[in-house]
Amino acid sequence: MYLISRKSINSILCAILISTVFQVTVSQKRYVIPPGMDESRFPEPLWDADAPNCEPQREPCGFYTFPVGSRSNMKWVKSWCKCGPGYFCGYHKTDTKMRVYRQVCQPSNEAFAFED
């Protein structure tokens, strides 16, 4: 009567649930640049040697400005502080109103680089 048994349906639903959880877990990794962007468009960040250390994961260590509707390279805008030892300046969020990618200091062990 049933073409697909309940056991098969449960197995399919379980596989879908596992793949969804995996995708959510992967999407929470910390990125050096915004996800889906070409690394070659981002210049190396520069800081003042005598700048104080930023408060990790709170204060911005810098910004990448982006032009709307253009394929030109991003520009680095340094912050008043820099990341301390054991931290890197990584992507935090996009501010579309200011047209910047906000970077904050994140633990080095949470870095995730793109492998295309």
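The values are calculated or read from the model by the stated rules, or taken from the named source; none is laboratory data. Treat the numbers as computed from the prediction; the structure is a model and nothing was measured. With ideal geometry, Cβ positions are generated from the backbone for all residues, glycine too; neighbour counts draw on all protein chains shown.
Among the residues in region 102-110, are any of a type outside the set (A, V, I, L, M), at pLDDT below 90 and surrounded by fewer than 12 Cβ atoms within 10 Å (Cβ to Cβ)?
Of region 102-110, the ones of a type outside the set (A, V, I, L, M) are 102-103, 105-110.
Subsequent filtering for residues that are at pLDDT below 90 retains 108-110.
Remaining after also requiring surrounded by fewer than 12 Cβ atoms within 10 Å (Cβ to Cβ): 109.
Yes, region 102-110 has at least one match.
Quick check: is even one residue across region 14-37 on the phi > 0 side of the Ramachandran plot and modelled with pLDDT under 85? Yes, the conditions are met somewhere in region 14-37. Within region 48-96, the residues that satisfy the criterion of being of a type outside the set (F, W, Y), in contact with a Ser or Thr (Cβ under 9 Å, 6 or more places away or on another chain), under 23 Å from D38 (Cα atoms) and touching a residue at least 24 places away in the same chain (Cβ under 8 Å) are P60, C61, G62, V68, N73, M74, K75, C89. The residue list M74, M1 contains one member that is exposed (fewer than 10 other Cβ atoms within 10 Å of the Cβ) and at pLDDT below 90, which is M1.
Can you give me the number of residues within region 46-63 that are of a type outside the set (D, E) and either assigned to a loop (DSSP other than H, G, I, E, B) or out of contact with any Lys or Arg (no Cβ under 7 Å at 6 or more places or on another chain) (or both)? Walk me through how you get there before you give the answer.
In the first step, residues of region 46-63 are kept if they are of a type outside the set (D, E); the result is 46-47, 49, 51-54, 56-58, 60-63.
Of the ones still in play, those that are also either assigned to a loop (DSSP other than H, G, I, E, B) or out of contact with any Lys or Arg (no Cβ under 7 Å at 6 or more places or on another chain) (or both) are 46-47, 49, 51-52, 54, 56-58.
So the answer is 9.
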